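The values are calculated or read from the model by the stated rules, or taken from the named source; none is laboratory data. A quick note: this is a predicted structure, and the numbers were derived from the prediction, not measured. All Cβ positions, glycine included, derive from the backbone under ideal geometry; neighbour counts span all protein chains shown. These accessible areas exclude ligands, DNA and RNA; they are computed on the full protein's heavy atoms, side chains included. Shrake-Rupley method; radii C 1.70, N 1.55, O 1.52, S 1.80 Å.
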Amino acid sequence: MSVETQKETLGFQTEVKQLLHLMIHSLYSNKEIFLRELISNASDAVDKLRFEALAKPELLEGGSDLKIRVSFDKDAKTVTLEDNGIGMSREETIAHLGTIAKSGTADFLKNLSGDQKKDSSLIGQFGVGFYSAFIVADKVEVFTRRAGLSAGEGVHWASKGEGDFEIATVEKAERGTRIVLHLKSGEEEFADGWRLRNVIKKYSDHIGLPIELPKEFHGEEKDKPAEPEWEVVNRASALWTRPRTEVTDEQYQEFYKHVSHDFDNPLSWSHNKVEGKLEYTSLLYVPGRAPFDLYQREAPRGLKLYVQRVFIMDQADEFLPLYLRFIKGVVDSNDLSLNVSREILQKDPVIDSMKSALTKRVLDMLEKLAKNEPEQYKTFWKNFGQVLKEGPAEDFANKEKIAGLLRFASTAEGEGEQVVSLGDYVSRLKDGQDKIYFLTGESYAQVKNSPHLEVFRKKGIEVLLLTDRIDEWLMSYLTEFDGKTFIDVARGDLDLGSLDSEEDKKAQEEVAKSKEGLVERLKSALGEQVAEVRVSHRLTDSPAILAIGEQDLGLQMRQILEASGQKVPDSKPIFEFNPNHPLIEKLDAEPDEDRFGDLSHILFDQAALAAGDSLKDPAAYVQRLNKLLVELSA
Ligand code: ADP
């Protein structure tokens, strides 16, 4: 071995230590995946070399025969992986194999509960990658040299996977990375050609680069050549270039794990070759679960971009809109130039047409999933529904299509599960109903008993119950579906159209006339607090309700704006009362103006409470109520 210089021992970042610990304790039943992870990294390293060599061919150092070699030594109990990819400099080795750069990692790890720590899929969300070597090895050595650096700038990294690692500068003649795993006792089974071949076939067949193993030698020991013969064990063609019929589900799934760094299978995928004016192949996946950093602004997103099979960049986020940021996959274009950059991508009109075609593909794939595999779609909705709800605001052209993919809780379903599609709703419209009714609120528990629903319950009309934080905002973009207008049942003067019979309407007018006096008294009692007072047709059980003005902000939006420190425009509610309620009848008959005022205020405050709002002057409310209680018991 060559001389080591500049040797030092460095500590792992805390997150790495935690991750190593969790991984070893959660992935023990799935040990063999270490090989998939290391091969995936090697393949990425070769991709990066190919890309950098486009501009600097000298990086290839004359060797463009790119491959991965896996070998083993039964006596020494080692498995070795070698690639001739981009390699790492000393600084890169320290950064990449000693820290985790993803933001939010520390929080994620801190918040894992005891049970979750044993859950391999949770750790898997992370893409444990290189560190999975420590599942089977109690010492890992990495010899690496970055392409373009001199042979004297090789790096030797070694660690037992505990608190620290050693790093030194060494000679390394060939560029690229060699990883030596010193197997733990009990893991010797991996130092075996048959075992390694099977694992590679199972997990890494899709890798587009040859993976070689030493050929089995059957002659006598004395005839054994010093250098083994090598044999390619995988198919070694980029998976997306193969016809769909020749790719198995398992291969699609393994390829997904390679591109996404996810440990679980995807929910669905769509593989397409486009020919004609534009030529490209896309392979898009819907993940089975949300990554921990889905809502982090700078979290990685986007597709892996290839141009004529050559890897160009990871996380090319110009090919899909933000509301589909959870989609993973590959796009391989024949139209873009090999020296395309992110700046060019942002301006290229080719990208715009690809983006709209790929967006449609994803929406079609989701439609299919919803139709053919409703259980899987439920999983999708739980994980990504909130993100998809950003769609109607971002993507005007596909608004109707996105709307069809949304799922809501509804008065026609129990338990507040979001399972009702707008298609379902429309198929259940009552005779004469040409509107889609909805109510927004803070929680299912709060809206399901809202007085706003009383008349709908009485008439058997379904109302969608929207309780996600983003819903009121969403509904400000969603005005129509299938030609039916959306109506917020808490807003404006509820007009049920032909759902109310002519007699109903006549009766309503008569009641309104007969209560004009009461309306005036209430107006002067409630004064500045209300925009209007009127007789309600939406109540059967409650005495009164507050409706929001047609153009005013709803409660959710007001709270969001307030929370973000913005000034919220002043708006006053409309006070509607139920003329048939005994309390209102009592109120109407109350001769004492003071008592009338107290009672009106109590009704107003109660209506605000029922709507989930907070009271402007809670103490006054309590005082008035107590005064009443004292009088009652007197
Ligand atoms: P990930 O692959 O998800 O980024 P890893 O922990 O597997 O995470 O690897 C961390 C980084 O180390 C990689 O992003 C890459 O920069 C570097 N790396 C790992 N393996 C190799 C390799 N064989 N050749 C060059 N760089 C590598």
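Numerical summary
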{"quantity": "Among beta bridges that DSSP assigns inside the chain, antiparallel share in %, nearest 5", "calculated": "80"}
{"quantity": "Packing-based order for 472-479, 453-460, 403-410, using average beta carbon neighbours within 10 Å, highest first", "calculated": "403-410, 472-479, 453-460"}
{"quantity": "Cα centroid separation, segment 557-584 to segment 23-48 (Å)", "calculated": "56"}
{"quantity": "Mean-position separation - Cα centroids, segment 454-489 and segment 161-231, in angstrom", "calculated": "61"}
{"quantity": "Tensor-based shape of segment 499-633 (alpha-carbon gyration tensor, a/c under 1.5 rounded, otherwise prolate or oblate)", "calculated": "oblate"}
{"quantity": "Rounded D (µm²/s) - the chain, Kirkwood Rh over Cα pairs, Stokes-Einstein at 4 °C, 1.567 mPa s", "calculated": "44"}
{"quantity": "Mean accessible surface per residue for segment 499-633, computed with a 1.4 Å probe while every protein chain stays in place, in Å²", "calculated": "58"}
{"quantity": "Tensor-based shape of segment 246-341 (alpha-carbon gyration tensor, a/c under 1.5 rounded, otherwise prolate or oblate)", "calculated": "oblate"}
{"quantity": "Residues whose placed amide H lies under 5 Å from that of Ile436, excluding near-sequence neighbours", "calculated": "Thr485, Phe486, Ile487"}
{"quantity": "Solvent-accessible area, 1.4 Å probe, carbon plus sulfur percent, for the chain", "calculated": "49"}
{"quantity": "Segment 5-236, accessible area per residue, ligands and nucleic acids excluded (1.4 Å, Å²)", "calculated": "46"}
{"quantity": "Pairwise centroid distance, computed over Cα atoms, of segment 129-143 with segment 296-342, Å", "calculated": "30"}
{"quantity": "Restraint check, Lys139/Lys201; Lys77/Lys215; Lys273/Lys347; Lys389/Lys567; Lys139/Lys382; Lys202/Lys273, Cα-Cα greater than 29 Å", "calculated": "Lys139/Lys382"}
{"quantity": "At R0 = 35 Å, FRET efficiency that the Cβ-Cβ distance of Gln253 and Glu442 yields, to 0.05", "calculated": "0.30"}
{"quantity": "Per residue convex hull volume, Cα atoms of segment 469-543, in Å³", "calculated": "143"}
{"quantity": "Probe 1.4 Å, all protein chains present, accessible-area order of Val630, Val274, largest first", "calculated": "Val630, Val274"}
{"quantity": "Residue-by-residue Karplus 3J(HN,Hα) for segment 489-500, coefficients 6.51, -1.76, 1.60, Hz, glycine and proline x", "calculated": "6, 8, 10, x, 9, 4, 10, 8, x, 7, 6, 9"}
{"quantity": "Global geometry of segment 5-236, whether rounded, prolate or oblate, following the gyration tensor of its Cα atoms and the 1.5 cut on a/c", "calculated": "oblate"}
{"quantity": "Surrounding net charge for Asp293, when Lys and Arg each add one and Asp and Glu each subtract one, Cβ distance under 12 Å", "calculated": "+2"}
{"quantity": "Cα long-axis angle, helix 593-610 against the chain (0 to 90 degrees, to the nearest 10)", "calculated": "20"}
